[in-house]
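Notes follow once the structure below has been shown.
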2 protein chains.
Amino acid sequence: MQAIVLGSAAGGGVPQWNCRCPVCRLAWAGDPRVRPRTQSGLAVSYGGEAWLLVNASPDIRQQIAATPVLHPRSGSRHSPIQAVLLTNGDIDHVAGLFTLRESQPFDLFATAGILDAIAANRIFDVVNPACVPRREVRLEAPFEPVPGLLATLFPVPGKAPLWLEGEDPVIGEVGEGTVGVMFEADGRRIAYVPGCARVSDDLRQRVDGVDALLFDGTVLEDDDLIRAGVGTKTGWRMGHVPINGAKGAIAALAGCSIGQRVFVHINNTNPILIDDSAERRHVEESGWTVAYDGLMLDFAMSAELAKASPE
Amino acid sequence: MQAIVLGSAAGGGVPQWNCRCPVCRLAWAGDPRVRPRTQSGLAVSYGGEAWLLVNASPDIRQQIAATPVLHPRSGSRHSPIQAVLLTNGDIDHVAGLFTLRESQPFDLFATAGILDAIAANRIFDVVNPACVPRREVRLEAPFEPVPGLLATLFPVPGKAPLWLEGEDPVIGEVGEGTVGVMFEADGRRIAYVPGCARVSDDLRQRVDGVDALLFDGTVLEDDDLIRAGVGTKTGWRMGHVPINGAKGAIAALAGCSIGQRVFVHINNTNPILIDDSAERRHVEESGWTVAYDGLMLDFAMSAELAKASPE
C-alpha cells in the first residue's frame with residue numbers, strides 16, 4: 001500500500017495568495033526554511049496501477065503534474081486516477097473536482113450528506129454523473145475504491161463547510177459531514193483524518209495500532225490566526241483541534257500505539273511550517289512528522305501476513 | 001497600461017491531466033518545444049498599483065505565485081488584485097473564484113447573465129458578497145474596474161457554459177453570456193476576446209485600430225479534437241472559431257488595422273503550441289503571436305495624447 005501526500009497545507013496553501021503572516025512572508029521571499037505547500041490531498045494505491053485521490057484540492061492540476069505516477073500512461077486519453085473520495089465538503093477538498101471534468105471516467109465516493117451538498121450546486125454537473133458516477137458510502141461499511149485497497153469511513157467531530165454555515169454553526173458535531181478514512185491492505189493500516197474538531201475516545205480507539213496516522217495539523221494553538229494578526233477565528237470555530245495543549249492532538253493521542261504520526265492540512269499561519277523553528281522541533285521531539293508535498297508512505301505486507309502466506 | 005497573460009491555455013491547460021494527444025505527450029515528456037501553460041486568464045493594470053483579473057482560472061493560485069506584481073505587499077493581509085471581471089461562466093474562467101475566498105475585499109464584475117449563473121450555486125457564497133460585492137455591468141457601458149483603466153464589455157458570438165448546456169445548445173448566440181472587453185487608458189486600447197464562436201462584422205469594426213488584440217486561439221482547424229483522437233466535438237460546437245480557414249480568425253481579421261495580434265485560450269490539442277511546428281510558423285508568418293504564460297504587453301501613452309499634454 002502506497003500513500004502520497006499531494007498537498008500538505010490547509011485551505012489557501014503556503015503561501016496564501018493574500019497573506020503576509022510570518023510564515024507566508026518567508027515563503028514569498030523564497031526563504032528555504034519554508035517549503036511552498038499546496039492544499040490538502042492524498043493519493044492512495046495498492047500496487048501503483050490504480051490510484052484513489054482522497055479529496056480534490058483546488059491545486060489538483062499542479063499536484064498531478066508534480067506526481068509522475070498520476071500522469072496518463074497509454075492511449076490518447078487515460079488516467080491512473082480511478083476514484084476520488086471526499087472527507088467533507090470544504091472548498092479545499094472539493095473545488096478540484098472542476099479540474100477533473102474532461103469526460104474521464106472515475107468513481108466519486110462520499111457520504112450521502114456530502115454528495116447532497118454537491119448535488120445542490122448545478123456547477124458540479126460539469127463533472128458529468130454519466131461519466132463520473134457518484135457513489136454513496138455508508139459510515140463503517142468497508143468498500144474497495146480501487147482494486148486491493150479497503151477503505152472504511154468513520155465520523156469525526158467536525159463542522160459544516162464555510163459555504164453551508166448558517167448564522168450559528170454547530171462545532172464538533174459527529175455525523176456524515178466530516179469523516180476520517182481507514183485504509184487497509186496486506187494487513188497494514190493507514191488512518192487519514194485531515195479535519196477534526198476534537199480528539200474523541202472513539203477516535204483514539206480507532207487509530208490505536210495503525211501503521212500510520214495522517215492527522216489534522218491546521219493550527220498549533222487554538223488562537224494561531226489571532227496571534228498572526230490575520231483573523232479572529234479560533235481553531236475550534238474552524239472545526240480544527242490544535243496540535244498543542246492538554247486536549248491537543250499530541251497529548252490526546254500520546255497513549256495510542258501508532259507507527260508513524262504525521263501532521264497534514266497545515267495552515268499557512270502555523271509556525272511548524274518553518275523548518276528550524278522551536279515549534280517544529282517541539283512537534284518532532286513529540287514523535288510527529290510535519291508533512292510536505294510529495295511525502296510518500298510505502299507499506300509492504302505485514303510480517304504476520306507474510307508468515308501466513310510464505311510464497 | 002500593462003497586461004500580463006497569466007494563463008494562455010484553454011480549459012485543461014497544457015498538459016491536460018488525462019490527455020496524451022501529440023502536444024500533451026511532448027509536454028509530459030518535458031520536451032522543451034512545448035511550454036507548459038495554465039488555464040486562461042489576464043491581469044490588467046494602469047500604473048501597476050492595482051490589478052484587475054480578467055477571469056479566474058482554476059490555476060489562479062499558481063498564476064499569482066508566478067507573477068510577483070500580484071503578490072501581497074503590506075500589512076498582514078493584502079492583495080494588489082482589486083477586481084475580477086468575468087467574460088463568461090465557463091469553468092476555466094470562474095472556478096478560480098473559490099481560491100479567492102479569504103475575506104479579501106475586491107469587486108467582482110460581470111453581466112447580469114453571468115452573475116445569475118453564479119448566484120444559482122450556493123457554493124459561490126464562500127466568496128462572501130458582503131466582502132466581494134458582485135457588480136453588474138451592462139454591455140457597452142464603460143466602467144473603471146481599477147483606477148485609471150476604462151473597460152467596456154461587448155457581446156460576441158458564444159455558447160452557454162458546458163455546465164448550463166441543455167439538450168441542444170444554441171451556438172453562436174450574441175448576448176450577455178459571452179463577452180469581449182475593450183480596455184482603454186492613455187489613448188491606447190487592448191481588446192481581450194478569449195472565447196468567440198464566429199468573427200462578425202461587429203467584432204471586426206470594434207477591433208479595428210486597437211493597439212493589441214488578444215483573441216480566441218482554442219483550435220487551429222474546426223476538427224482539431226477529432227484529428228487528435230481525443231474527442232468528437234468541433235470548435236464550433238464548443239463555441240470557438242478556428243484559427244485557419246476562410247472564416248477563421250487569421251483570414252477574417254486580416255483586413256483590420258491591429259498593433260499586436262495575439263492568440264490566447266489555446267487548447268492542448270492545438271499544434272501551434274509546438275515551438276518549431278509548421279503550424280506555429282504559419283501563424284507567426286500571418287502576423288500573430290502565440291501567447292505563453294507571463295507574456296506582458298506594456299503600452300505607454302499614445303503619441304497623440306503625449307503631444308496634447310506636453311508635461
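Determine whether region A:52-69 contains at least one residue that is over 29 Å from A:Val137 (Cβ atoms) and among the acidic types (Asp, Glu). Within region A:52-69, not a single residue is over 29 Å from A:Val137 (Cβ atoms) and among the acidic types (Asp, Glu).
As for region B:39-47, it holds no residue that is more than 14 Å from the chain's Cα centre (by Cα) and either closer than 26 Å to A:Gly96 by Cα or of a type in the set (D, E, K, R) (or both).
Go through region B:44-66 and give me each residue that's closer than 18 Å to A:Gln16 by Cβ and in contact with a Phe, Trp or Tyr (Cβ under 9 Å, 6 or more places away or on another chain).
Applying the first criterion (closer than 18 Å to A:Gln16 by Cβ) to region B:44-66 yields B:51, B:53, B:56-66.
Those that are closer than 18 Å to A:Gln16 by Cβ and in contact with a Phe, Trp or Tyr (Cβ under 9 Å, 6 or more places away or on another chain): B:Leu53, B:Ala56, B:Pro58, B:Ile60, B:Arg61, B:Ile64, B:Ala65.
Within region A:275-305, track down each residue that is out of contact with any strand residue (DSSP E or B) (no Cβ under 9 Å at 6 or more places or on another chain), surrounded by 13 or more Cβ atoms within 10 Å (Cβ to Cβ) and of a type in the set (A, V, I, L, M). Answer for region A:275-305, where residues must be out of contact with any strand residue (DSSP E or B) (no Cβ under 9 Å at 6 or more places or on another chain), surrounded by 13 or more Cβ atoms within 10 Å (Cβ to Cβ) and of a type in the set (A, V, I, L, M): there is none. Output the residues belonging to region B:143-175 that are within 24 Å of B:Trp51 (Cα to Cα) and either touching an Asp or Glu at 6+ places or on another chain (Cβ under 9 Å) or part of a loop (DSSP other than H, G, I, E, B) (or both). Matches in region B:143-175: B:Glu144, B:Pro145, B:Val146, B:Pro147, B:Gly148, B:Leu149, B:Leu150, B:Ala151, B:Thr152, B:Leu153, B:Phe154, B:Pro155. Assess whether B:Glu144 counts as being without any contact (Cβ under 8 Å) to a residue 12 or more places away in the chain, in contact with a Leu (Cβ under 7 Å, 6 or more places away or on another chain) and not small (Gly, Ala, Ser). Yes: the conditions hold for B:Glu144.
Scan region B:241-273 for residues that are more than 18 Å from B:Asp208 (Cβ to Cβ), in contact with a strand residue (DSSP E or B) (Cβ under 8 Å, 6 or more places away or on another chain) and free of Cβ contacts under 8 Å to residues at least 60 places away in the same chain and the total you get is 3. Of all residues in region A:156-196, those being of a type in the set (Gly, Ala, Ser) and within 14 Å of the chain's Cα centre (by Cα) number 4. Within region B:116-128, the residues that satisfy the criterion of being part of a helix (DSSP H, G or I) and in contact (Cβ under 8 Å) with a residue 24 or more places away in the chain are B:Ala117, B:Ile118, B:Ile123, B:Phe124, B:Val126. Wholly within region B:28-104, which strands (runs of 3 or more DSSP E) include no fewer than the required count, namely at least 3 residues that are within 11 Å of chain A (Cβ to nearest Cβ), surrounded by fewer than 22 Cβ atoms within 10 Å (Cβ to Cβ) and not charged (D, E, K, R)? Correct list: empty, since no element meets the threshold.
Return yes or no: is B:Asp92 in contact with a strand residue (DSSP E or B) (Cβ under 6 Å, 6 or more places away or on another chain), among the charged types (D, E, K, R) and at pLDDT below 95? First the steps, then the outcome.
On the way: in contact with a strand residue (DSSP E or B) (Cβ under 6 Å, 6 or more places away or on another chain): yes; among the charged types (D, E, K, R): yes; at pLDDT below 95: yes.
In short, yes.
Scanning region A:228-237 for residues that are touching a residue at least 40 places away in the same chain (Cβ under 8 Å), touching a helix residue (DSSP H, G or I) at 6+ places or on another chain (Cβ under 8 Å) and either away from every other protein chain (no Cβ under 14 Å) or closer than 18 Å to A:Gln39 by Cβ (or both) gives no hits. Is it the case, given these coordinates, that B:Asn128 is within 14 Å of chain A (Cβ to nearest Cβ), buried (at least 23 other Cβ atoms within 10 Å of the Cβ) and of a type in the set (S, T, N, Q)? Spelling it out, it is not the case that B:Asn128 is within 14 Å of chain A (Cβ to nearest Cβ), buried (at least 23 other Cβ atoms within 10 Å of the Cβ) and of a type in the set (S, T, N, Q).
Just one of the listed residues (B:Leu164, B:Leu153) is closer than 19 Å to B:Ala112 by Cβ, within 14 Å of chain A (Cβ to nearest Cβ) and touching a residue at least 24 places away in the same chain (Cβ under 8 Å), and it is B:Leu164.
Of the residues making up region B:8-19, those that are within 11 Å of chain A (Cβ to nearest Cβ) and either more than 15 Å from A:Leu70 (Cα to Cα) or in contact (Cβ under 8 Å) with a residue 24 or more places away in the chain (or both) are B:Ala9, B:Gly11, B:Gly12, B:Gly13, B:Val14, B:Pro15, B:Gln16, B:Cys19. Residues in region B:252-276 that are touching a Lys or Arg at 6+ places or on another chain (Cβ under 6 Å) and among the β-branched types (Val, Ile, Thr): B:Ile272, B:Ile274.
Residue by residue, here is whether (1) in contact with a Phe, Trp or Tyr (Cβ under 6 Å, 6 or more places away or on another chain); (2) farther than 21 Å from B:Phe143 by Cβ holds:
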{"residue": "B:Met182", "(1), (2)": "no, no"}
{"residue": "B:Gly187", "(1), (2)": "no, no"}
{"residue": "B:Ile190", "(1), (2)": "yes, no"}
{"residue": "B:Gly195", "(1), (2)": "no, no"}
{"residue": "B:Val199", "(1), (2)": "no, yes"}
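Within region B:235-249, the only residue that satisfies the criterion of being farther than 17 Å from B:Asp90 by Cα and of a type in the set (Val, Ile, Thr) is B:Ile243.
The values are calculated or read from the model by the stated rules, or taken from the named source; none is laboratory data. Quick caveat: nothing in here was measured; it's all calculated off a predicted structure. Note: ideal-geometry Cβ built from the backbone for every residue, glycine included; neighbour counts use all protein chains shown.
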